[in-house]
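Asker: Have a look at the structure that comes next, please.
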Amino acid sequence: ACQIMVNDSHSVCQGGTYEESEDSCEDGAAGLVCGACDEGWTRDEPITLCIDCEEMPPRWIMILGINFELIQKAGLGLFLAQRAMNAALHQKKIDAVILRVWM
């Protein structure tokens with residue numbers, strides 16, 4: 001069954017027969033149960049509405065966002081590794097034990 005909803009009120013699947021499957025989905029949706037996006041449409045998360053690619057931010061902004069997130073996570077990983085190494089040498093605090101259990 002189609003799980004993608006438009007404004008939480010009705011499904012993107014409009015119903016019909018297999019022969020009418022081309023016209024049985026809302027704009028942007030495609031496929032047998034309207035679970036895929038038409039060409040020129042996309043979605044950020046599963047089970048959400050397809051949006052027109054023209055409404056997406058510019059490609060360079062998305063690449064910048066991905067790079068920022070990767071740098072942020074790498075920095076956090078390096079920070080935690082450094083803390084764990086320092087605590088392993090000077091086992092005075094319980095931080096190293098907590099970090100090892102958490103990781």
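Asker: How far is it, in nm, from the label point at ILE98 to the one at GLU54 when both lie 7 Å from their Cα along the line to the Cβ?
Answerer: With each label point 7 Å from Cα toward Cβ, the separation is 5.3 nm.
Asker: Out of residues 5 or more away from ALA30 or on other chains, whose amide H comes under 5 Å of its own, with H placed 1.01 Å from N in the peptide plane?
Answerer: GLY35, ALA36, CYS37, ASP38
Asker: Once you place label points 7 Å from the Cα toward the Cβ at GLU45 and MET62, how far apart are they in nm?
Answerer: 1.7 nm
Here, each number is a calculation from the coordinates, and none is a lab measurement. Model, not experiment: these values are computed from the prediction. Note: ideal-geometry Cβ built from the backbone for every residue, glycine included; neighbour counts use all protein chains shown.
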